[in-house]
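Comments concern the structure below.
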Amino acid sequence: MSTVFFVDVETTGLYPVEKNLILELGITAVSEPDFTEIESFSTVIYHEPAEIASRCDNYAFNMHKESGLIEELRQMHALERPRVAPKAALLEALAFVNRHAANAPRNDKGYPELFLCGANPQFDRDYLKSWMPDLAKKFHHRVFDVNTLFLFRRFVLGGPVEKFGTAHRTIADNRQALAGVHTFIQSFGDAVREAIQAEFAPEAA
């Protein structure tokens, strides 16, 4: 078995990346091919309230208020919980990834390939590249988007496209995406078996 990484960020908005902030970062180390969670790391990242307010639109603010993220940031501001600066969050994240990198798959030259996975991993990668480039460069240039599995299922077999990342907290969203992999494996396998049985079923007399 080897290790891949499901990554999610919560931000003050969508794009442009340079004008928004990472408010929470979560990384889940996952074994493959069985896609089982090994360990998760997450941290809320402290920014001054005025800075958040100047970048966060009403939709994003209300979303993060409902999820509890705004309350955790308020507690940091009030010193009711430790403040985690962006640099400290980066160092913690690097330590987590480095600890699990030994079990990552390796290419034909023997170098580890750390694959970034998730419900919308290109979005998360864009933010890491902008705000945490030392972490972003740890990961392989190819990403694994769980949504692609369900697009593929729709193209081949029809049916709905699942939606992930609806919890709007990083580890919960990682686990949603991970559950989606298992759902796809089960549902797609069942559909293929049914199609094969229908194709080769004996004709009724």
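The values are calculated or read from the model by the stated rules, or taken from the named source; none is laboratory data. Keep in mind the model is a prediction, meaning the values are calculated, not measured. Methodologically, a virtual Cβ is constructed for each residue, glycine included, from the backbone with ideal geometry; neighbour enumeration extends over all protein chains shown.
Does Val7 satisfy the condition of being in a helix (DSSP H, G or I), in contact with a helix residue (DSSP H, G or I) (Cβ under 9 Å, 6 or more places away or on another chain) and in contact (Cβ under 8 Å) with a residue 60 or more places away in the chain? The answer is no for Val7.
Here Ile38 passes the criteria (1) touching a residue at least 60 places away in the same chain (Cβ under 8 Å); (2) out of contact with any strand residue (DSSP E or B) (no Cβ under 8 Å at 6 or more places or on another chain); (3) surrounded by fewer than 16 Cβ atoms within 10 Å (Cβ to Cβ); (4) within 29 Å of Arg142 (Cβ to Cβ) except the one numbered (2). If you filter segment 144-184 down to residues that are among the hydrophobic types (A, V, I, L, M, F, W, C) and in contact (Cβ under 8 Å) with a residue 60 or more places away in the chain, you find that the one that is farthest from Leu14 (Cα to Cα) is Val181.
Can you find a residue that is within 17 Å of Thr166 (Cα to Cα), outside any strand (DSSP E or B) and in contact with a Phe, Trp or Tyr (Cβ under 9 Å, 6 or more places away or on another chain) anywhere in segment 55-62? No, every residue in segment 55-62 fails to be within 17 Å of Thr166 (Cα to Cα), outside any strand (DSSP E or B) and in contact with a Phe, Trp or Tyr (Cβ under 9 Å, 6 or more places away or on another chain). Quick one: in segment 111-145, of everything that is in a loop (DSSP other than H, G, I, E, B) and in contact with a His (Cβ under 8 Å, 6 or more places away or on another chain), which residue is surrounded by the fewest Cβ atoms within 10 Å (Cβ to Cβ)? This residue is Glu113. The set of residues in segment 41-66 that are polar (S, T, N, Q) and at pLDDT 95 or above comprises Ser42, Thr43. If you go through segment 131-150 and keep only what is among the aliphatic types (A, V, I, L, M) and either in contact with a Leu (Cβ under 9 Å, 6 or more places away or on another chain) or closer than 19 Å to Val17 by Cα (or both), you end up with Met132, Leu135, Ala136, Val143, Val146.
Filtering segment 83-110 to residues that are assigned to a loop (DSSP other than H, G, I, E, B) and surrounded by 11 or more Cβ atoms within 10 Å (Cβ to Cβ) leaves Arg83, Val84, Ala85, Asn103, Ala104, Pro105.
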